[in-house]
Structures are given as C-alpha cells and as structure tokens.
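Structure, as structure tokens:
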Amino acid sequence: MKKISNNIFLIMLIFGSLITISANSWLGAWMGLEINLLSFIPLMNEGKKNLMTSESSLKYFLTQAFASSILLFAIILMMMSFNLNWMNNNFYELLILSTLLLKNGAAPFHFWFPGVMEGLSWINGLILMTWQKIAPLMLISYNINYNFFLVAIILSMIIGALGGLNQTSLRKLMAFSSINHLGWMLMAMMNNELLWLTYFIFYFFLSMSIVLLFNNLKLFHFNQIFNFFMMNPVIKFFLFLNLLSLGGLPPFLGFLPKWLVIQNLVETHQLFLLFISVCLTLITLYYYLRMSYSIYMLNFNKNSWMLMNNFNNKNMTFILTMNFFSIMGLMIISLIYLIL
C-alpha cells in the first residue's frame, strides 16, 4: 500500500513540474510549483523515519512555502501594475527571480539546501538535486536580468567551491557540488537556452550514476569509504573517476557540457566571467581529488575471508555500466564524430 502511495506522489511530482513548464501564465506556473512541493513532502518522509528526515522535510516545506508566498505576491503586484501603471517592471522581475533562485537553492539563497540534503535518503537527494530544479530553472529562463544573474552566478560558484572543502558528509558534498553546477547552468542560460538544457541533461546523468552507486553501497560519510574500499578496488576505481567526471576534468564526460559553456563564453567575449568560473571549478576538483587521492594512497589490505561480491547484483551491473559511460562518454562521442 505504501509503495502505491509513493508511486502516486511521484507521478504528481512529475505532473506538477510539467504543469509549470507548459503554463502560459504566471499563476498557472505557481500552481504547478505548489503541486510539485506538496507531492515531494510525503516522499521525503518515506522509508526510515528519524529526526533528521522530519527536520529536513520541515525545513524544505518552510523555505518553499515562503518562496511560493512571495512569488504569488509578486505575480499579483505585477498584474495590478499592468492595469494601474504603478512601478517600474524591474522591481517585479527581481522579486520573481529572487524567489525562483530560493526555490532552486542557488546562492545567495542557498542556506537551506545542504541542511535539507543531509537528512534525505540518496534517492530523495537525487530528486532534489535534479528534477526539482527543472521547473524553477525554466521560469528563470523566461525572466533574465543580466546584473542580478552575474551576482547569483559568481556567488553560487564561490559557495559551491568553498563550502565543500571542509565536508565529511557525502550528501553535503553533493549539495555544494550542485550549487556550483547551478552557477554553470545560470551562466549557460544567459546566452543560450539550448545550452543550459544540454548542461542539465549531462548533470542529471552524472549525478544519477554517482548517487545510485552511493545508495547501493549505503555510503554517507568519508569514514565509511575508507572502511569499505579496502575490499573492492574495481568499484573504488569507478566511483572516483566518476567523481572527477562530475567535477569536469578532461577527458571524462563531465567536461563536455563545461567545454560547450566555455566555448560560448569565449564567443560572446565574457572572459572575466570565464576566468572566475574556471578558477572556482578548480577548487571543486580539488576536493574531489583530495577524496580520491587519500583513498587511492592509503595502504590497501585485502582480507581473504571477506568474500563480498557486489557484481552478482543486477542493480550494481546497471550502475557500473552508467559509471563506465560517465567516464568514457566523451571519448566515445569523439570517436563517433571522427568516424562520421
């Protein structure tokens, strides 16, 4: 029975996002966001009930409800101003943009995002990092303010880079990584609508391959990785190359969307923004490398009596196939391009 109710809420969640994307009025978009929010709250509380899950769902509800109320207020004000010719349209634009950035967890409105991620299961965390961003990002793309965007992009990259440096929790690390990637998506959105969608699709795939692996191995903190990976060097190899791919290191698949954005920024002569984004992304790569380096370099003791074979699991085979494409995807795409 519980599984049926979860599936219904999941369908409603997808339905809410689709209503927002296809809405032809701000009020319709707001309604879709509300359906999406109210469907996600029960999903957050499924599975193991503990204090962290309840706290996370409450934090998420309060921030999203606050953002929704301000968004509705801004929409009503904007509709009234069109009729009564009140204020400059710029004020409503900024108000709507701020609420949508708050819904997304982009800096400087990121304060709730790592805390909420910490209390969620990996699957719910994946939904929060990926699907829950689609509808607000789509609305942001209709409402671009260059100066405000510039501030949000630079702050998202700084907070995403520096916030992850002292983390021992993998969920918080993924949350700060998500904030950094959000900065890249907003930067892609400024110049080209297709570009941010492409970036998002790649980010979705990379996040999914890493999160499913973490979920399958039940990893939540650094010390668990040190203990676990004394057993299986192959999974260790897949996981950390995948992390470097998410960080955008060539020649992995995660570099491709960043490459497209960099090329676009060079063509539009936004070299200052390009310099800042590349430098700050190097910091995110540093904390992925720090994680990989410490685990590769620690002495490897393989105990002969620990016979754990993860490859018999069908889920693990699927996840490792995804990881393989995440690591080798750019090379495969390059080969296909050269052959054709």
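The values are calculated or read from the model by the stated rules, or taken from the named source; none is laboratory data. Given the structure is predicted, the values throughout are model-derived calculations rather than measurements. No Cβ is skipped: glycine too gets one built from the backbone with ideal geometry, and neighbour counts run over all protein chains shown. All accessible areas refer to the heavy atoms of the entire protein, side chains included, with ligands and DNA or RNA removed. Shrake-Rupley method; radii C 1.70, N 1.55, O 1.52, S 1.80 Å.
Scan the range 85-107 and give yes if some residue there is in contact with a helix residue (DSSP H, G or I) (Cβ under 6 Å, 6 or more places away or on another chain) and without any contact (Cβ under 8 Å) to a residue 24 or more places away in the chain, otherwise no. So far as the range 85-107 goes, yes, one or more of its residues are in contact with a helix residue (DSSP H, G or I) (Cβ under 6 Å, 6 or more places away or on another chain) and without any contact (Cβ under 8 Å) to a residue 24 or more places away in the chain. The residues of the range 86-127 that are open to solvent by less than 30 Å² (accessible area, probe 1.4 Å) and part of a loop (DSSP other than H, G, I, E, B), listed by number, are Gly105, Ala106, Ala107, Trp112, Gly119, Leu120.
With respect to the conditions (1) in contact with a helix residue (DSSP H, G or I) (Cβ under 9 Å, 6 or more places away or on another chain); (2) farther than 21 Å from Ser209 by Cα; (3) not in a helix (DSSP H, G or I), His269 lacks only one, and its number is (1). Pairing each residue of the range 27-46 that is over 16 Å from Leu71 (Cα atoms) and in a helix (DSSP H, G or I) with any residue that is modelled with pLDDT of 90 or more and among the charged types (D, E, K, R), provided the two are 6+ apart or on different chains, yields no C-beta distance under 9 Å.
The lone criterion from (1) over 20 Å from Arg290 (Cβ atoms); (2) surrounded by fewer than 23 Cβ atoms within 10 Å (Cβ to Cβ); (3) at pLDDT 90 or above left unmet by Glu193 is number (3).
For the subset of the range 298-340 comprising residues that are modelled with pLDDT under 65 and part of a helix (DSSP H, G or I), which member is least open to solvent (accessible area, probe 1.4 Å)? Selected residue: Asn310.
Taken together, Ala65, Ala29 contain a single residue that is of a type in the set (A, V, I, L, M), open to solvent by less than 40 Å² (accessible area, probe 1.4 Å) and farther than 21 Å from Gly115 by Cβ, which is Ala29.
For Leu206, the requirement of being touching a Gly at 6+ places or on another chain (Cβ under 9 Å), modelled with pLDDT under 95, surrounded by 23 or more Cβ atoms within 10 Å (Cβ to Cβ) and more than 23 Å from Leu271 (Cα to Cα) is met. Put simply, of Leu173, Leu165 the only residue that is out of contact with any His (no Cβ under 9 Å at 6 or more places or on another chain), closer than 30 Å to Lys218 by Cβ and outside any helix (DSSP H, G or I) is Leu165.
Residues in the range 214-238 that are within 24 Å of Met328 (Cα to Cα) and surrounded by fewer than 17 Cβ atoms within 10 Å (Cβ to Cβ) were compared, and the one that is modelled with the highest pLDDT is Phe237.
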